[in-house]
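Q: Sharing a structure here in structure tokens format.
The values are calculated or read from the model by the stated rules, or taken from the named source; none is laboratory data. Just so it is clear, the model here is predicted, and its values are computed rather than measured. All Cβ positions, glycine included, derive from the backbone under ideal geometry; neighbour counts span all protein chains shown. Areas reflect the complete protein model, heavy atoms only, side chains present, ligands, DNA and RNA absent. Shrake-Rupley method; radii C 1.70, N 1.55, O 1.52, S 1.80 Å.
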Amino acid sequence: MSKTRLASWVLGFITAIATLGCNANHYATPRTVPKGKTSHTIALDAYGAFEDDGRLMPAAGGLRYLLRAGLAERVDFGLTVSGTVIGADVKVNFLRTKWVDMAVSPGFEFGVLPGYHSWDTEFFTRGAVPISLGFNVSKATSIYLHGGLGGFVYDQEYDEWCWEPECDETLSGMTVQGGLGAQFRLSNFVALQPELSVMGSTSYLPGIFMQLGFGVSLGAQPSYPEFD
């Protein structure tokens, strides 16, 4: 692949991430939603990509919907929808104390992305296994960190105006992500969640993108009876 082709592919990939909603933000603490309960979160995301000279290039953002459903005492299921990207994960809250929680939440995302021409087709699949660490400041407030490794497969199929073998090309690589967020539980059914995350790649994708968002969660919230 030529340098020019790689540069255009990277820019297009990062733009697709920014406009269609590939997600690094969690909008959830390590502690799970109670068994049999659900929560619904609407988040507004803004994105930016760092250029080679270190400058931040802003990109468009959008709305995201997240569902979390409690499956067991310390296990819940998450579903995310944003644009033409859909994702799912299972979170296991393996450490739960009054002050500190930890969880692992393996998941994946799949999206159909717009190509350079309207008749082009591009598919994107990403899997990740992030670990989150939460600090419970009070019954109403938690601060959490998350980070982990993942992998992606990007498949492009161009019907016209291309040169073989780039008319049908599949690229893959590893991703690295990390973030910081907070949850402010206004009641047992309402919470506010600001969050900032970054994501980069160890191969094929030299760019780094940043995601800043704010979510409002309605429904069952994680319970912290240790503070009673």
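Q: Out of all the residues in segment 117-142, which are over 23 Å from Ala88 (Cβ atoms), at pLDDT below 90 and crowded, with 17+ Cβ neighbours inside 10 Å?
A: Passing the criteria: only Asp120.
Q: Could you please find all residues in segment 210-222 being out of contact with any Lys or Arg (no Cβ under 8 Å at 6 or more places or on another chain) and not in a strand (DSSP E or B)?
A: Within segment 210-222, none qualify.
This table checks each residue for (1) open to solvent by 50 Å² or more (accessible area, probe 1.4 Å); (2) closer than 22 Å to Gly48 by Cβ.
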residue	(1), (2)
Arg64	no, yes
Glu73	yes, no
Phe77	yes, no
Gly83	yes, yes
Val92	yes, no
Leu95	yes, no
Val100	no, no
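Yes or no, residue by residue, for (1) modelled with pLDDT of 90 or more; (2) farther than 30 Å from Ser187 by Cα; (3) of a type outside the set (A, V, I, L, M, F, W, C); (4) not in a strand (DSSP E or B):
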| residue | (1), (2), (3), (4) |
| --- | --- |
| Gly48 | no, yes, yes, no |
| Met57 | no, yes, no, no |
| Tyr65 | yes, no, yes, no |
| Arg68 | yes, no, yes, no |
| Leu79 | yes, no, no, no |
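Q: Then there's this: I'm checking my understanding of the structure. Among residues of segment 163-209 that are among the hydrophobic types (A, V, I, L, M, F, W, C), assigned to a strand (DSSP E or B) and more than 23 Å from Leu67 (Cα to Cα), which one is modelled with the highest pLDDT?
A: Of everything passing the filter in segment 163-209, Val176 is modelled with the highest pLDDT.
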